Structures are given as C-alpha cells and as structure tokens.
Amino acid sequence: MISKTDLPDTIPVFPLPGALLLPRARLPLHLFEPRYLAMLDDVLKTPCRLIGMVQPYDAPGGDSKLHTIGCAGKVTAFSETEDGRYMITMSGASRFRITQEVEGFTPYRRCNVDWSGFERDLGPVEKDTSFDREKFMEALGRYLVDQGLSTDWESLGEAEDELLINSLSMLCPFEPEDKQALLEAPSLTTRRETLMTLIEFALRGGSGEEVMQ
C-alpha cells in the first residue's frame, strides 16, 4: 500500500472524458496513442508507478482545460500486444488537487499536485452507516432496466458498501461532469447520495443501450 510519504509532487496525467478512478478501485485501460505509450514507459521506471486520471473540459474559447481534482492510480498490471499497444490495470491510490501544469518536453501532460485533504483515501475501506441497501438496490434495478444495462446481481449483492458504490460510480454511463461530482464527494455517504440522485434523475427521463459488465 502506498503511504503519504511515497506520493510525489509531480505526476503524469491522463485526461480522459468519462473515465473515473476512485481510491481502492481498479480501472482497466487500453493505451495506444504514442504519447501515452511513452508515458507508461516512463511511469514504469518510477517507484510508485502513478498516473493521474483527470477529467478534461472545454473552456470558453475552445481550450481544453483540466478539472482541479483527479485521482492517481498505481499501474499494477500491464501487458503488451503484438502491435505495440498496452493493456493496463490501475489501482486507485489517492485523489489530488492540481496546483500547476508543468511545462516540459514530454509528449504527455504533467502536473504539480497537492495530496492534502485526501488522507482518508490512503486509509482503510470506508463504511456508509446510513446506507439503505434494499432501497438502493431496488432503484438500481429499475435504472438498469431503464438503461438497457445488465450486471452480475450475485456479485453486487455480496459486495461491501464501498466496492458497490464506487464500482457503480465508475461503470454507470453518467455524463463527465456527473462523474466529476462523484469523484469530488468528500465521503462514501456523500458519493452514495450523489449516485442515488443521478439514478433517480435518469429514471425520470434517461435511456441507454450500453451493457454494464
């Protein structure tokens, strides 16, 4: 497990709309752009193997900006395909706050980051003591039907609160700004409340055709 003293002041960042990583969760990624292949090669040479996942957004004037808060993940598994691409798995380590983007000669973006305020991310699994699982699962079932999604109900039923809430936050096809709100939630309870609000909002008018594995 990564400790606070292991966290570097500067990390490479991977801006990817709609891709959410949360502490203690896992995110599979497929890297094929040359700049991100170079990023992975450099990251694998570092002690922590950290990459910061951040949500980009379009600012007035068409410029691509980065949200201030992201989540760093440690590359815990990777494999190379015959054509030189990589399949990697990232394990969420801690959220961070971008303080400044670093100018440099790397083809990928790097940022100075501040880890303070997210100490809970490096601790044990969070609990949600006010979680009404039965009510939540009933709403989730209606949401999945409404969106045309399917999932493994047995695995969901057996999952701990944090794994259930964080996995659904990452997998459900919400808008990037909604994903950002889930990321920035200060506690598991707040994230679950935000997730429930998004599910109820979708039930009042959303539809989709994707399949959640």
Q: Give the residue, chosen from 115, 153, that is within 28 Å of residue 198 (Cα to Cα), at pLDDT 95 or above and of a type in the set (Phe, Trp, Tyr).
A: 115
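Residues are listed down the side, and each one gets a yes or a no for (1) closer than 15 Å to residue 8 by Cα; (2) in contact (Cβ under 8 Å) with a residue 12 or more places away in the chain; (3) hydrophobic (A, V, I, L, M, F, W, C):
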residue	(1), (2), (3)
40	no, yes, yes
59	no, no, yes
64	no, yes, no
67	no, yes, no
81	no, no, no
91	no, yes, no
101	yes, yes, no
Q) Is it true that some residue in segment 110-126 is loosely packed, with under 13 Cβ neighbours inside 10 Å and over 21 Å from the mean Cα position of the chain (by Cα)? A) no
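Which members of segment 152-190 meet the condition of being in a loop (DSSP other than H, G, I, E, B), farther than 18 Å from residue 67 by Cα, over 12 Å from the mean Cα position of the chain (by Cα) and among the hydrophobic types (A, V, I, L, M, F, W, C)?
The one that is in a loop (DSSP other than H, G, I, E, B), farther than 18 Å from residue 67 by Cα, over 12 Å from the mean Cα position of the chain (by Cα) and among the hydrophobic types (A, V, I, L, M, F, W, C): 159.
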Q) Taking the condition surrounded by fewer than 18 Cβ atoms within 10 Å (Cβ to Cβ) and either modelled with pLDDT of 95 or more or in a strand (DSSP E or B) (or both), does residue 96 pass? A) no
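Within segment 200-207, is even one residue touching a Leu at 6+ places or on another chain (Cβ under 6 Å) and either more than 23 Å from residue 18 (Cα to Cα) or not in a loop (DSSP other than H, G, I, E, B) (or both)? Give the steps one after another, and end with the answer.
Initial filter on segment 200-207 (touching a Leu at 6+ places or on another chain (Cβ under 6 Å)): none.
No, segment 200-207 has no match at all.
Count, please, the residues in segment 69-101 that happen to be polar (S, T, N, Q) and over 14 Å from the mean Cα position of the chain (by Cα).
Here is the first cut: in segment 69-101, the ones polar (S, T, N, Q) are 76, 79, 81, 89, 91, 94, 99-100.
Filter once more, so that each one left must be over 14 Å from the mean Cα position of the chain (by Cα): 76, 79, 81, 99-100.
Adding up the residues that qualify gives 5.
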Q) If residue 198 passes every condition in (1) free of Cβ contacts under 8 Å to residues at least 60 places away in the same chain; (2) surrounded by fewer than 13 Cβ atoms within 10 Å (Cβ to Cβ); (3) outside the structural domain of residue 16 (by TED's automatic domain parsing) but one, which one does it miss? A) (2)
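From 49, 97, which residue is charged (D, E, K, R) and in contact with a Gly (Cβ under 8 Å, 6 or more places away or on another chain)? Before the answer, list the steps.
Numbers: 49 fails: in contact with a Gly (Cβ under 8 Å, 6 or more places away or on another chain).
Only one candidate passes the filter, namely 97.
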Q: Might you check whether a residue that is within 23 Å of residue 100 (Cβ to Cβ), touching a residue at least 12 places away in the same chain (Cβ under 8 Å), touching a Pro at 6+ places or on another chain (Cβ under 7 Å) and not aromatic (Phe, Trp, Tyr) occurs anywhere in segment 19-33?
A: no
Q) Of the residues in segment 99-108, how many are surrounded by fewer than 20 Cβ atoms within 10 Å (Cβ to Cβ) and either among the charged types (D, E, K, R) or part of a loop (DSSP other than H, G, I, E, B) (or both)? A) 6
(Q) Name the residue that is farthest from residue 94 (Cα to Cα), counting only residues in segment 153-172 that are surrounded by 14 or more Cβ atoms within 10 Å (Cβ to Cβ) and without any contact (Cβ under 8 Å) to a residue 40 or more places away in the chain. (A) 156
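The values are calculated or read from the model by the stated rules, or taken from the named source; none is laboratory data. Nothing here was measured: the structure is a model prediction, and the numbers come from that model. As a convention, Cβ positions derive from the backbone with ideal geometry for all residues, glycine included, and neighbour counts pool all protein chains shown.
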